[in-house]
1. Of the residues that sit in the range B:250-262 and are under 15 Å from B:PHE100 (Cα atoms) and hydrophobic (A, V, I, L, M, F, W, C), which one is farthest from the other protein chains (Cβ to nearest Cβ)?
2. What do you reckon, is A:LYS364 buried (at least 16 other Cβ atoms within 10 Å of the Cβ), on the phi < 0 side of the Ramachandran plot and in a loop (DSSP other than H, G, I, E, B)?
3. Do we have B:GLY81 as crowded, with 24+ Cβ neighbours inside 10 Å and outside any helix (DSSP H, G or I) here?
4. Any idea which of A:ILE413, A:ILE418, A:ILE425 is surrounded by 21 or more Cβ atoms within 10 Å (Cβ to Cβ), over 13 Å from A:ASN356 (Cα atoms) and touching a helix residue (DSSP H, G or I) at 6+ places or on another chain (Cβ under 9 Å)?
5. Among the listed residues A:ASP198, A:ASP127, A:ASP182, identify the single one that is more than 30 Å from A:PHE25 (Cα to Cα) and not hydroxyl-bearing (Ser, Thr, Tyr).
6. Just checking: which of the helices (runs of 4 or more DSSP H) contained wholly in the range A:33-115 hold 2 or more residues that are of a type outside the set (S, T, N, Q), within 14 Å of chain B (Cβ to nearest Cβ) and surrounded by fewer than 21 Cβ atoms within 10 Å (Cβ to Cβ)?
7. If I filter the range A:46-99 down to residues being within 21 Å of the chain's Cα centre (by Cα) and polar (S, T, N, Q), which single residue comes out as modelled with the lowest pLDDT?
Amino acid sequence: MSTAIELIGITKRFPGVIANDNINFSVEEGEIHAICGENGAGKSTLMKILYGMQPADEGVMKVNGVEVDFSSPTDAIAAGIGMVHQHFMLADQFSVIENVILGSEPTTVGGILDFDTAKTHLAEVGDAYGLTIDPDDFVSELEVGERQRVEIIKVLYRGANILILDEPTAVLVPQEVEALFDNLRELKAAGSTIIFIDHKLQEVLEISDRITIIRRGKSITTVNAADVTAGDLAELMVGEELPSPETTESTVTDVVALEVQNITVLDEYGRPVVHDVSFKIHQGEVLGIAGIEGNGQGELVDAIVGMERPLSGSVYLGGLDVSLKSVRQRRDEGFGYVPKDRHEAGLLLVAPLWENAALGHQTKPPFAKGWWIDRKGSHQRTDEIRERFDVRSPNADVAAHALSGGNQQKLIIGRELIGDPKVIILAHPTRGIDVGAQAAVWNEIRSARAAGQASLLISADLDELIGLSDRIVVMFHGKLVAELDPAEITPRLLGSYMTGAALQGGAQ
Amino acid sequence: MSFTQFQKLPAYYRWPILAFVGIVVLALVQELTGQGLLTSTTTIQTALKWAMPILIAGLGGLLSERCGVVNIGLEGMMILGTWFGAWGTLQFGSPWWGLFFGILGGAMGGLLHAIATVGFGVDHIVSGVAINILAPGTARYLSDRVFAQMDGGSISQSPRVESLGGFTWPVLAKGPDLFGRVERLDWFIVSDVFGVLRGLLFQMSYLTAIGLALVPISAFLLTKTRFGLRLRIAGENPLAGESLGINIYRQKFIGVIISGGLAGMAGSLIVLDLAQLYRQNQTTGRGFIALAALIFGNWKASGVLAGAVLFGYPFGLSLRDLEGTATRSLLLVIAIALVVVMVWAFTKQNIADGILAGTVAVGSLLFFLFTNTAPSWLPGTMPYVLVLLVLVFASQRLRMPAAVGLPYRKGGS
């Protein structure tokens, strides 16, 4: 067996981050090789480099022993590499055959498409690998699993013998996953090499021959799937981290501040992304939600703050049913919300700080007087936030994009906390900010808790989650699958719950 | 045949059937009102001449929007077409040179739009509006420098230019004149249909012939060729195209430049076929009506033709109809069409649409019954009213290219 792909010292930097830091591994011909790592570990960047969509800053890439330098996917395709993207690269209003031939169309004279040849070739590919699909169907009419099949056929049609699949199971239901795995085994039997990116450990163990773990942009190790358990993988993925510094005495009371009952939210394909979720948060309590991103946390939060209407379920704020109220009304009843992406949902980057501070409070004093914006009152309140939350900025009139990420985040937290909400929802409150600002945000969360506010904390930083929460629930595939005591849990164990490994009895 | 079966037919069956139904309705109304102009050869000819610039510019809009770029600058590119069409004719002594330079002038506008929107990521509407402001200014400046120096020209007008001319189809419309004979037999409906057909073929201008030929050519280009497939992916899902190694920028540039060229051709047609001179503000917003025809036509070539005919017809009719009686009877046609829409909406359980259509139908009918001649503003307003009605009732069924108007950057995935 020879080496299909070899990566030596691949490094890729983006402004302020190193996405890939000296990555080394090799893939043998005819194997299914999984790349495992948490979200943000750098898997997708690595695959984009391998597929020619982004150039690497450093390092050497060899395909079948020959050093290559891809400047576009065309080069990668020519080298026999094909990629099935996590988000399908299909045009809904094109037929299957149009999607498949795009970019390598058979034509007769004058560039006229030769659909007959294309369909014959498609049928050959389909027969060879056991993949069938009607070439004249429109993609918009296909099920998710079928769309993925189109993506795979698209790659095979081009004669690729090295397939990269980026989180192929993320959008599939279990039966579809089984069908996909059957297809992959047939591909392997036919001699294809498959690189399979995933973080669902059971699936990875089931399908792959070898597994390379990537953590924080570095390739940690490559192991044989037969030699490891899901627990081992979880430990390798999450890493042994420093124990969390924060635990203070409980301030939890008996008064329920937020109660969520049986919330179910459907995704665009009509499948439940949040499935019958219920929980209570008391005054003075921080409830942490642990889970790999994409397991329904975002949709759950949207449903609680009123940005998305759930299929069913109710939300009670301090005993009041707010299920049918708008976002505005819910905020007025006492919701604070720190969104996960401060640039997308938290701030108007080109607007001055005082306007940003007024967001969500713009109808109430001191930001407004009747119909009119109260500029003076707004400035005073903004200065108050800047001082109390240590938002380092020259004045309230600078644009928000002039601030560092940490100061932007402190401004948002200040804006949400200064109205003394009953419940504050914190989605990744310290993501992408420096250590000093992180400590400041943690302090604010702790003092809000001491003041009797209830907090819902979502974070990918397990230390943060364990350190700040009074209780932790684990969300997996849209369901709350476990409730844990942060005093008794390690990041490693929590990580195995998040990946579903512990649930299947393989963690300890 | 049920309605859904009808919808599944290919466009080149559906539109002729609809056109036939339209002619039947016109003929019916003609009988009811004793109004002879609605389907006469001369009316159809004029209507067709008015429809042509809308059609060709609409096809321009089609190519641009199918590759993902909104082209609200069609109007400005048409203006460039009018000026360069007149200039080319005067400079080189042949209207065919005028046509060539008209197309080139429009294509320059398209190139500008492509550089702004595709190259620099400027908002498509902003760039289009800028071109619509820039083009008349450029034309006026150039007129001052060129046409004002010529005999019979001024800053706002060129000397007269030669027409491109046309031809009458032999056998069918002259000589034996088969269609004309049937028309003169005055058989109900049959004569009307042949009147319309003869109107198409009698003294058809070369540009009209080219314009009509462009409809199947565009449709073929978009759906059956490699070029068209790659153009369309740029408007549907550019990242998917990019991931398969297609140069999206190139597709967009080509699409928008062709779009400008077609708009320029539409402008030259106004000069060479309709007015036989360049005049300021000659396009009178037909670039915008072309966009409306594009939307009406659901981003399909055959649909653009239907939209262009629909919007050109009231203009053509009003020019032939000096008393305004024929335009008045169009109100009855609209009322009938809306009743059809109402029935259709009710069968689809779409109560709100049905009530709205019914109300407007009644209003249209009352307008018809209580007037003797159409007010002079009616023919000019009718295309806009029509497009509004179409948007109200058909908006759920219309489907624009999925990525039209969205910024695209390479490597943005």
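The values are calculated or read from the model by the stated rules, or taken from the named source; none is laboratory data. On a predicted model such as this, the values are computed, not experimentally measured, just so you know. Cβ coordinates were reconstructed from backbone atoms using ideal geometry, including for glycine residues, and neighbour counts include every protein chain displayed.
1. Restricting to residues being under 15 Å from B:PHE100 (Cα atoms) and hydrophobic (A, V, I, L, M, F, W, C), the top hit is B:LEU262.
2. So A:LYS364 fails the test.
3. No: the conditions fail for B:GLY81.
4. Matching residue, one of A:ILE413, A:ILE418, A:ILE425: A:ILE425.
5. Values: A:ASP198 fails: more than 30 Å from A:PHE25 (Cα to Cα); A:ASP182 fails: more than 30 Å from A:PHE25 (Cα to Cα).
One residue alone meets the criteria, A:ASP127.
6. Numbers: elements: A:43-50, A:73-78, A:96-101.
Hits in the range A:33-115: A:73-78.
7. A:GLN86
Residues are listed down the side, and each one gets a yes or a no for (1) modelled with pLDDT of 80 or more; (2) of a type outside the set (Lys, Arg); (3) in the same structural domain as A:TYR51 (by TED's automatic domain parsing); (4) in a helix (DSSP H, G or I):
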{"site": "A:ILE153", "(1), (2), (3), (4)": "yes, yes, yes, yes"}
{"site": "A:ALA170", "(1), (2), (3), (4)": "no, yes, yes, no"}
{"site": "A:ILE195", "(1), (2), (3), (4)": "yes, yes, yes, no"}
{"site": "A:MET237", "(1), (2), (3), (4)": "no, yes, no, yes"}
